[in-house]
Each structure stands twice: as C-alpha cells, then as structure tokens.
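Enquirer: Here it is, the structure, as structure tokens.
The values are calculated or read from the model by the stated rules, or taken from the named source; none is laboratory data. A quick note: this is a predicted structure, and the numbers were derived from the prediction, not measured. Methodologically, a virtual Cβ is constructed for each residue, glycine included, from the backbone with ideal geometry; neighbour enumeration extends over all protein chains shown. Heavy atoms of the whole protein, side chains included, go into the accessibility calculation; ligands, DNA and RNA do not. Shrake-Rupley method; radii C 1.70, N 1.55, O 1.52, S 1.80 Å.
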Amino acid sequence: MGRGSAVYRRLMLALFGNRLVERLVTRFGARLASRFVAGEDRTSALLMVQRLNRIGISATLDHLGESVRSLNAAAGFREEYLRLLDGIRLQKARSTVSVKPTQMGLALDPECCLRNVRQIAERARKAGTSVCLDMEDSRYTEATLDLVRQLREEGFANVTTVLQSYLFRSEQDAARLLQEGIALRLVKGAYQEKKEIAFANSEDILLQLHKLIRLHLDSGAFVAIGSHDDRVIGEVRSYAERTGIDRSLFEFQMLYGLRMEEQAKLAGLGYQVRCYVPYGRQWYPYFTRRLAEKPGNLWLVVRNLFR
Ligand SMILES: Cc1cc2nc3c(=O)[nH]c(=O)nc-3n(C[C@H](O)[C@H](O)[C@H](O)COP(=O)(O)OP(=O)(O)OC[C@H]3O[C@@H](n4cnc5c(N)ncnc54)[C@H](O)[C@@H]3O)c2cc1C
C-alpha cells in the first residue's frame, strides 16, 4: 500500500471508529449506504440478484453483521440465512451465500458456530448452492480454516472460504487447501494487520495474489478472484488465454456498487462473474471498510446522495 493510501485508510478507520460519527452516519440512514448495500431486507436483496442474473451475473449474498455479542444473536443471523437460502431455492436464483464466521459466534463459542454453519451448509445443499466463509481479521484465520476442514470431513463439499494475499501464511495455506480440494476466493485482504504477519506494501500484496492465482489456475482447480483491480483482472485473463485454461475454471468476483459496468462487460465477454451483494440493517462496519479502501469510494457515496 502506498504511504498516501495507508494514511487515508488509517484516518478513515479512526474517524468511523468514533461512536459519535457512527451514530450520526447511522441516523442519516440507509440512503448513504445504498451505493454499496442492496437494501435492508431479504426481499430487496433477492430482487437485486434477479436483476443481476438477468444480465448474466451470478451473486453471493451476504447478510450484514459481524462479531455478535451473544449466541442468541448468532442464532438469529443463522435463521435469516436459512430463510435466505429458501428464497434462493424458490426463486431458482444463481446465487451462493457468504457468511462471516464471527456472525455465527466464532469468537464466543466455536462449537456453536460450527453447528450454525453446518445448518446453513445443509440448507444450501438443499438449494443446490454453496456457502463461502468470508475471511475476517487474522485472529480468526486458523479457526475459520478449521471450520471449513471439519465440514469438509463431514461431507460438505459446498463449503468454501477465502485467503488474503497480504498474509505471509497464505502461500502455505493455499497449497494445503488445494491438496484438500477446498475451493477458494482469493483476495488482497481488507483488515489492518501487523507488519510481523502481513505485507504492507501494495506491490508485495499484488505479487503474492498473482502467485496464489497461478498456483490454482495451473492445478486445474476452480478458483474465484475477488478484486476490482485491472492489473489482477488483466493478468488472469492473459494468463488463462496464454495457457489455454478454460473459463469454467475461474470466476471474477466484485462487490455490489463497484465497477458494475466492468462486471457486465466481463460477463458479456463470456467470463464467469459473481457480484457480492450485501444487505441488512447492520451495514455500518461494511460500509466504512469500503470508504476506507479508497477516496474514490467516498466520492461515489456523495454522488449517490444527490441523485
Ligand atoms: C467479492 C469480494 C469478496 C471479498 N471478500 C473478502 C474477505 O472475505 N476478506 C477480506 O479480508 N477481504 C475481502 N474482500 C476485500 C479485498 O480483500 C480488498 O480489500 C478489496 O477488494 C480491495 O482490493 P482490490 O484488489 O479490489 O482493489 P484495490 O487494491 O483497492 O485497488 C487497486 C486498483 O484497482 C482499481 N480499482 C479498485 N477499485 C476500483 C473501483 N471501484 N473503480 C475503478 N477502479 C478500481 C484502481 O486502479 C486501484 O488503484 C473481498 C473483495 C471482493 C471483491
């Protein structure tokens, strides 16, 4: 990450971490967040998936909320995912779901979290779709991988996860997960990590991402690439072209509200594209992470207010 962007990111994260700012932004309402969030309820989210599917884009739905403070709250989130999966099945939507392990209680009780995710994986199987466990900050990396492995051992081939290229450990994790046949979404990483465990420089993060992507493409295993970066998208396209890798073996994933035209363009060119569609009332942490990512996102939100 360049020095300027690192300072911007730290500044934004500090600003949005302030309780008063949080109260003000939340009160301003969902209109602010609507640039990046499909709506506050399931119906709006499923409607958005329908629209995306119509233009050849698949989806992955994320019911927003993280770091629950009670197991009751985690059970509530689990129930929402079960209803969401019923909606996906009834609507015959082309959509998977993405779940944050801490929303399912990982930080409070890993066993309970496992039970919650297992129920979601079962319902997803019934709906003919899969569950991706999003990767949160490094305190949860090991526990998230344990969860996926455990469910895999129980026969849930429809549970996948994410690796972040900024973490030093990801190269080893990728090689092992590849052997275990666990499908991955590869991303750069969105959290603030210590320099002892993660690359801080954007070139190093990009290099490691390219390395992880090639590892997967060369192996013939399916891989999802979560990035809006033209250097990443371009590299995947040209590498696949050069080496004759079939387009069914990878997909591009981007976030709802970002580079929507590029998403439609890639889908039009015959690439598999999946849009990550968040919805729900607890949009604040997700929304502020997007704003902290780059100044351009702040501008998108301001423009959205005056539309
Ligand atoms: C589908 C998906 C799922 C994700 N899941 C996780 C997860 O589970 N865990 C996690 O830690 N992180 C996750 N992330 C976030 C990810 O780790 C990065 O923080 C985020 O994607 C920013 O990196 P980037 O490669 O998209 O672009 P950046 O590194 O932010 O930007 C690099 C360059 O890309 C171009 N670019 C970026 N955004 C835009 C834009 N909006 N318009 C035009 N050009 C742009 C610009 O040229 C920019 O300079 C996910 C991201 C996606 C897309």
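Enquirer: Could you tell me which of the residues 10, 31, 69 is surrounded by fewer than 18 Cβ atoms within 10 Å (Cβ to Cβ), part of a loop (DSSP other than H, G, I, E, B) and of a type outside the set (Gly, Ala, Ser)?
Expert: Numbers: 10 fails: part of a loop (DSSP other than H, G, I, E, B); 31 fails: part of a loop (DSSP other than H, G, I, E, B).
From the options 10, 31, 69, the qualifying one is 69.
Enquirer: Here is a further query. With outside any strand (DSSP E or B), touching a Phe, Trp or Tyr at 6+ places or on another chain (Cβ under 8 Å) and modelled with pLDDT of 95 or more as the only criterion, which of 88, 120 stands out?
Expert: Details: 88 fails: touching a Phe, Trp or Tyr at 6+ places or on another chain (Cβ under 8 Å).
After ruling out the rest, the residue left standing is 120.
Enquirer: Let me ask something else about it. Give the residue that is nearest to the ligand (Cβ to nearest atom), with candidates limited to residues of region 262-280 that are open to solvent by 30 Å² or more (accessible area, probe 1.4 Å) and touching a residue at least 40 places away in the same chain (Cβ under 8 Å).
Expert: Ranking the candidates gives 274 first.
Enquirer: Further question: If you take the residues in region 215-228 that are in contact (Cβ under 8 Å) with a residue 40 or more places away in the chain and assigned to a helix (DSSP H, G or I), which one is farthest from the ligand (Cβ to nearest atom)?
Expert: To start, the set of residues in region 215-228 that are in contact (Cβ under 8 Å) with a residue 40 or more places away in the chain comprises 215-216, 219, 221, 223-227.
From what is left, the residues that are assigned to a helix (DSSP H, G or I) are 215-216, 219.
Numbers: 215: 18, 216: 16, 219: 21 Å.
Checked region 215-228; the qualifying residue farthest from the ligand (Cβ to nearest atom) is 219.
Enquirer: Also, quick follow-up: Got a number for residues in region 171-214 being away from the ligand (no atom under 16 Å from the Cβ) and within 24 Å of residue 263 (Cα to Cα)?
Expert: Going through region 171-214 one residue at a time, the tally reaches 1.
Enquirer: A follow-up question, please. Based on this model, can you work out whether residue 107 counts as part of a loop (DSSP other than H, G, I, E, B), more than 19 Å from residue 86 (Cβ to Cβ) and open to solvent by 10 Å² or more (accessible area, probe 1.4 Å)? Step through it out loud before you land on a result.
Expert: Details: part of a loop (DSSP other than H, G, I, E, B): yes; more than 19 Å from residue 86 (Cβ to Cβ): yes; open to solvent by 10 Å² or more (accessible area, probe 1.4 Å): yes.
Here the answer is yes, as residue 107 does meet what is asked.
Enquirer: Which residue is farthest from the ligand (Cβ to nearest atom), if the candidates are limited to region 281-303 and must be in contact with an Asp or Glu (Cβ under 9 Å, 6 or more places away or on another chain) and not polar (S, T, N, Q)? Lay out the reasoning, then the answer.
Expert: Taking region 281-303 first, the residues in contact with an Asp or Glu (Cβ under 9 Å, 6 or more places away or on another chain) are 281-286, 288.
Restricting the remaining residues to those that are not polar (S, T, N, Q) gives 281, 283-286.
Details: 281: 20, 283: 16, 284: 17, 285: 12, 286: 10 Å.
It comes out as 281.
Enquirer: Here is a further query. Between a residue in region 179-196 that is assigned to a loop (DSSP other than H, G, I, E, B) and any residue that is near the ligand (Cβ under 6 Å from one of its atoms) and open to solvent by 40 Å² or more (accessible area, probe 1.4 Å), which pairs come within a Cβ distance under 8 Å, given they are 6 or more apart or on different chains?
Expert: Pairs that qualify, where the first residue is assigned to a loop (DSSP other than H, G, I, E, B) and the partner is near the ligand (Cβ under 6 Å from one of its atoms) and open to solvent by 40 Å² or more (accessible area, probe 1.4 Å), are 190/293.
Enquirer: Shifting gears a bit: Given the conditions (1) more than 14 Å from the ligand (Cβ to nearest atom); (2) under 18 Å from the mean Cα position of the chain (by Cα), which single one is not true for residue 138?
Expert: Result: residue 138 fails condition (1) only.
Enquirer: Those residues that are part of a helix (DSSP H, G or I), in contact with a helix residue (DSSP H, G or I) (Cβ under 8 Å, 6 or more places away or on another chain) and open to solvent by 30 Å² or more (accessible area, probe 1.4 Å), I need them from region 231-261; list them, please.
Expert: Taking region 231-261 and keeping what is part of a helix (DSSP H, G or I), we get 231-243, 247-249, 260-261.
Within this subset, residues satisfying the condition of being in contact with a helix residue (DSSP H, G or I) (Cβ under 8 Å, 6 or more places away or on another chain) are 231-233, 235-236, 239-240, 243, 247, 249.
Matches in region 231-261: 231, 235, 243, 247, 249.
Enquirer: Could I ask something else about it? Please go through region 160-216 and give me each residue that is of a type in the set (Phe, Trp, Tyr) and within 16 Å of residue 139 (Cβ to Cβ), ordered by number. Reasoning before the result, please.
Expert: Taking region 160-216 first, the residues of a type in the set (Phe, Trp, Tyr) are 166, 168, 191, 199.
Within region 160-216, 166, 168, 191 qualify.
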